[in-house]
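Taken together, the values in this text are just the output of simple stated rules run on the coordinates, not laboratory data. Quantities reported herein were computed from a predicted structural model and do not represent experimental measurements. No Cβ is skipped: glycine too gets one built from the backbone with ideal geometry, and neighbour counts run over all protein chains shown.
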Amino acid sequence: MNESTWETVEQLKQWLDEKDGLTADMAPLMRLLKLQEELGEAAQATMGALGANPRKGKSHTWEDAEAEVCDVILSGMVLLATLTPNAEKRFDERLSIIAERSLT
């Protein structure tokens with residue numbers, strides 16, 4: 001990811017810190033719950049795109065599912081930035097470990 005992505009994530013984290021009224025101790029928990037909420041929405045959109053719920057039918061598009069997955073990723077990035085001031089470095093380190101383990 002480019003530098004501006006993580007700069008934007010940090011700006012969003014700072015905005016949340018100013019606006020959500022959470023203590024520093026509660027912010028990680030609430031942002032983890034937000035990640036879980038977004039994951040549920042991604043699952044719902046995917047099921048809707050597949051028409052997997054007979055009661056609802058095709059209630060979503062694949063574009064809806066893609067947008068929800070982006071929300072999951074962004075929520076995870078904001079959570080990581082909440083947990084560590086070195087989010088970009090930590091992410092890159094973890095990505096390298098997983099890539100080395102999986103791609104070699």
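Considering lysine pairs in the chain that are 8 or more places apart or on different chains, how many have Cα atoms under 26 Å apart?
Lysine pairs meeting the criterion: 6.
For segment 54-60, take each phi angle, set θ = phi - 60°, evaluate the Karplus expression 6.51 cos²θ - 1.76 cosθ + 1.60, and give the result in whole Hz per residue in order, putting x for glycine and proline.
x, 6, 9, x, 7, 8, 9
According to a simple spin-label model (label point 7 Å from Cα along Cα-to-Cβ), what is the distance in nm between Leu83 and Gln36?
Result for the modelled spin labels: 1.5 nm.
Report, to one decimal in Å, the Kirkwood hydrodynamic radius for the chain based on all distinct Cα pairs.
For the chain, the Kirkwood estimate is 15.4 Å.
I need to check one value: relative contact order of segment 1-92, counting alpha carbon pairs closer than 8 Å and at least 6 residues apart, in percent.
33
Place a point 7 Å from the Cα of Met47 along the Cα-to-Cβ direction; which residues of segment 66-104 have their backbone N under 19 Å from it?
It comes to 66-72, nothing else.
Treat each spin label as a single point 7 Å out from the Cα along the C-beta direction, and report the Val69 to Met26 distance in nm.
Going from the Val69 label point to the Met26 one covers 3.4 nm.
Going by Cα centres, segment 1-72 and segment 75-94 are how many Å apart?
16
Per-residue ellipticity at 222 nm for the chain, helices alone: DSSP H runs ≥ 4 residues times -39500 (n - 2.57), over residue total, nearest 500 deg cm²/dmol?
Computed ellipticity for the chain at 222 nm equals -26500 deg cm²/dmol.
What angle do you read, to the nearest 10 degrees and between 0 and 90, between the alpha-carbon axis of helix 87-103 and the longest principal axis of the chain?
60
Could you identify which residue out of Met26, Met77, Met47 has the top mean-square fluctuation in a GNM of the chain using Cα springs shorter than 10 Å?
Checking each option, the largest mean-square fluctuation is seen for Met26.
May I ask which residue of Val78, Met30, Gly57 lies farthest towards the positive end of the charge dipole of the chain, with charges of +1 (Lys, Arg) and -1 (Asp, Glu) on Cβ and the Cα centre as origin?
Result: Gly57.
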